[in-house]
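As structure tokens, the structure follows; a few thoughts come after it.
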Amino acid sequence: MQADEAMAGEGAAPAAWAARPLILAAIGLAAGLCVHFILGNGYRITLSTIEAAALTGVTLAAGLTGFTLERRLWWASILFSLALALVGALVVAWNGTPEDWSVGEGWRMVSLLLAVAIAAPLFQAARDEGARRFPYPAVHDHAWTNVVLFGACCVFVAIVFALAWLLAMLFDLIKIDFLKELLQENWCWRSLIGLAFGAALGLLREHDFVVRLLQRVVALVLAVLAPVLAVGLLLFVLALPFTGLDALWEATSATTPILLFCVVGALILANAVIGNAPEQERRFPLLRYGAMGLGVVMLPLAILAAIATGLRIGQYGFTPERLWAIVFVGIACLWGAAYLVSLVLGRLDWSTRVRPLNLVLAFVVCGVALVLATPLVSFNAISTRDQLARLESGKVTPEQFDWRALAFDFGGPGRAALKKLQASANATIRARANEVAKAEGRWDIKDTSQDTKKRAEVVTNTRVLPKGNALPQGLSEAIAQGYDCIRDQKCSVLLASETEALLFKDNCFEAPKPTPTPSGKTQVPAPANQGCREGERFRLSDGKWQVAPATRPATVDELSTIAAGYAEGKVEIRTVPRRQAYVGGVPVGDPFE
């Protein structure tokens, strides 16, 4: 009860401002219309540099104004919002055309938004103080409030759209389709998003008690979950010495993100328990020790993520995604170390040490995120240099080299390197580079290393019938073009002739297992995979194995004859010889000519 009263009194809401909902609704509507004018009336995948910068600036200016605007010092909120919007637009313009960013460079925009999201509560706390001071309770309170407001406004926008479409469908029932057609117009739904979001933000900020109630509910729910996650993560860490780390390293592509999500979850839930001040800390022993358990486990999980990332880089070299992973792992290690040191030094009173460290780390992350949002550190260039060094040193062969990433994932540095490789002294590299340079899209480039791996899996997983025969190389290549006979799937290939073959998947021929019924009788169910018990047919044509069509398509002349015969009623049944695959003396699949 005392904690709730303290929270309600902490950073008491400014005096009501009845005009704020209308102001924020108007700002949201204007932002929606500006976004429409920038994007145009069509649906576009890529934007020009100016369009992307303008879109970023408009969105940040409207959003930050909505979250920070107060009647007192309203001009300071507007100047802060416009300044950060200008910085965001300049950062995006500095990065260049969005299509020149690599696949992993979407994280630049995430970094920019993260820096803005951290800067907003810092500004709000300093504005309330009237000086460049950042008291942790105020910063923490504004941060949680902004998160709750954003989530609530998104829900409100979804409800508005649901109601709008419900009314549109209702009127459409009586042939009044004006509202339905209006909602399908780009300018309408974009403006509606801005209007609904701004109006919801204004209304909620004028009813501060509702927001604080939501905030308390969210904090309480997260705090209750803290012991659950703590027990699970502690058991995971304690089990590692007994299970070994081999299984963890075998899944290196998924290990790092999973571990990082666990660290983020632990950080959020621990802070939900300790609150923004001693009077807000949850004192119930289960919750307190749960938060402490989360503080203990964060650093070990971050170290495991670091090792997993290092192993991945050692195997395959740098890519922008892996370099971003290094950044995230480094931040996780910093936070984990801060919490562990606070626990060792403070023990039960560890939260008094953690809170100021949270504020320091927030400044650090904000600065790092802003720098990484700019091209000052080019992960594309770093990755390109590393991958070229691996190729030129022979650490990877031209067949193993990731040409798709170089051509389409590494941005400008990757394309420049590809042009350089077109003049390579190595004939194999030069030929492959010239071939890749002609590709219009990433999927036009054949992944030779993956194809080789799939062919090897096909050969390993396939039984050839009649026994004693070998699988023709061209046939293994044709099978590898699909998704059969790879990984754990076993197959059989029947060589019907020198130019024909049938492919069967072993899991389609599993014998049904009898099961006892309640009456004591034995029931034999139908085969679970009965629908797939047919052989896929391959035919050798012009020296190349290809999947044969199920039936031979009729020629144009035959179609004309069929049409004439049908019109004359010449429809009859004939007995014809057929060829059919038999397994165990039972016909399987469709007959073929």
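Counting Lys and Arg as +1 and Asp and Glu as -1, each charge on the Cβ, what is the dipole of region 338-484 about the Cα centre in debye, to the nearest 20? Numbers along the way, then the final one.
Values: 20 positive and 14 negative charges, 47 e Å.
My answer is approximately 220 debye.
For Lys467, go through the lysines and keep the ones whose alpha-carbon is under 18 Å away, minus same-chain ones fewer than eight residues off.
Result set, ordered by chain and number: Lys490, Lys505.
Expected output is a single nm value to one decimal: the length gained when fully extending between Asp557 and Asn469, i.e. 0.36 nm times separation in residues minus the C-alpha distance. What is it?
27.6 nm
Only four residue types carry charge here, +1 at the Cβ of Lys and Arg and -1 at the Cβ of Asp and Glu. Report the dipole size of region 219-363 about the Cα centre in Debye, rounded to the nearest 20. All intermediate terms of the calculation are to be shown ahead of the outcome.
Working: 8 positive and 6 negative charges, 58 e Å.
Dipole magnitude for region 219-363 comes out near 280 debye.
D for region 222-294, whole µm²/s, Stokes-Einstein with Kirkwood Rh over alpha-carbon pairs at 4 °C and 1.567 mPa s: what number?
Numbers: Rh = 13.2 Å.
The estimated diffusion coefficient comes to 98 µm²/s.
With a probe of 1.4 Å, find how much accessible area the chain has per residue, and write the answer as a whole number in Å². List each step's numbers first, then the result.
Values: 32910 Å² over 593 residues.
With all protein chains present, the chain gives 55 Å² per residue.
For region 168-282, calculate the relative contact order in percent as a whole number, restricting contacts to Cα pairs under 8 Å that are 6 or more residues apart.
Values: 42 pairs, mean separation 25.9, N = 115.
Relative CO of region 168-282 lands at 23 percent.
Counting DSSP beta bridges in the chain, what percent are antiparallel, to the nearest 5? Walk me through the numbers before you get to the answer.
Working: 19 of 23 bridges.
Taking every DSSP beta bridge with both residues in the chain, the antiparallel ones total about 85 percent.
Round to a whole number: what % of the accessible area of the chain belongs to carbon and sulfur, probe 1.4 Å? Can you show the working numbers first?
Numbers: 21640 of 32910 Å².
The value for the chain is 66 percent carbon and sulfur by accessible area.
Give the relative contact order (percent, whole number) for region 227-290; include only Cα pairs under 8 Å separated by 6+ residues.
Details: 24 pairs, mean separation 27.5, N = 64.
For region 227-290, the relative contact order is 43 percent.
Glu498 versus Val228, label points 7 Å from Cα toward the beta carbon: distance in nm?
For the pair Glu498/Val228, the computed spacing is 6.8 nm.
Treating the beta-carbon of each Lys and Arg as +1 and of each Asp and Glu as -1, no other charges, what is the dipole magnitude of the chain about its Cα centre, to the nearest 20 debye? The partial results should precede the final answer.
Details: 53 positive and 50 negative charges, 179 e Å.
In debye, rounded to 20, the chain gives about 860.
So what is the diffusion coefficient of region 377-500 in µm² per second by Stokes-Einstein at 4 °C and 1.567 mPa s, using a Kirkwood Rh over Cα pairs? Mind showing how you got there, number by number?
Numbers: Rh = 16.5 Å.
This corresponds to a translational diffusion coefficient of 78 µm²/s.
Where a Cα-Cα gap under 17 Å defines reach, which aspartates and glutamates qualify for Lys438, not counting those fewer than 8 residues away within the same chain?
Asp402, Asp409, Asp447
Apply the membrane-span-like helix rule to the chain: whole DSSP H runs, Cα extent along the own long axis of at least 24 Å, mean Kyte-Doolittle hydropathy at least -0.5. List the helices found. Please report the intermediate quantities before stating the final value.
Working: long enough: 20-39 (28 Å, 1.95); 49-68 (28 Å, 1.19); 74-95 (32 Å, 1.80); 106-129 (36 Å, 0.85); 136-172 (54 Å, 1.53); 186-206 (30 Å, 0.69); 208-243 (51 Å, 2.13); 252-274 (34 Å, 1.97); 285-316 (46 Å, 1.26); 320-346 (39 Å, 1.58); 351-372 (31 Å, 1.69).
Membrane-span-like by this criterion, though nothing is claimed about a membrane: 20-39, 49-68, 74-95, 106-129, 136-172, 186-206, 208-243, 252-274, 285-316, 320-346, 351-372.
Mind checking Rg over Rh on the chain, alpha carbons, Kirkwood formula for Rh? Walk me through the numbers on the way to the answer.
Numbers: Rg = 32.0 Å, Rh = 30.0 Å.
On the Cα set of the chain, Rg over Rh gives 1.07.
Listed highest first by mean packing, meaning other Cβ atoms within 10 Å per residue, what order do 135-148, 392-405, 190-203, 158-171 come in? Don't jump to the answer; show the numbers that get you there.
Numbers: 135-148: 20.5, 392-405: 16.4, 190-203: 22.7, 158-171: 13.2.
The peptides rank, most packed first, as 190-203, 135-148, 392-405, 158-171.
For the pair Asp542/Thr575, report the inter-label distance in nm, with labels modelled 7 Å from Cα in the Cβ direction.
4.0
Which of rounded, prolate, oblate describes region 304-389, given a ≥ b ≥ c as roots of the alpha-carbon gyration tensor eigenvalues and a/c under 1.5 marking rounded, otherwise prolate only if a/b is larger than b/c?
On the way: a/c = 5.74, a/b = 1.90, b/c = 3.02.
Oblate, since a/c reaches 1.5 and b/c is not below a/b.
Report the label-to-label distance for Ile176 and Ala158 in nanometres (one decimal), using points 7 Å from each Cα along the Cα→Cβ vector.
3.0
Give the share of C-alpha pairs in each 5 angstrom bin for region 151-300, from 0 to the last occupied bin, in whole percents, shortest bins first.
Pair shares across the bins are 2, 8, 12, 12, 10, 9, 10, 10, 9, 8, 6, 3, 1, 0.
The values are calculated or read from the model by the stated rules, or taken from the named source; none is laboratory data. Computed from a prediction, not measured in an experiment: that's the story for all the values here. Don't worry about glycine lacking a Cβ; one is built from the backbone with ideal geometry, like all the others, and counts go over all protein chains shown. Just the protein is used for accessible areas: all its heavy atoms, side chains included, with ligands, DNA and RNA removed. Shrake-Rupley method; radii C 1.70, N 1.55, O 1.52, S 1.80 Å.
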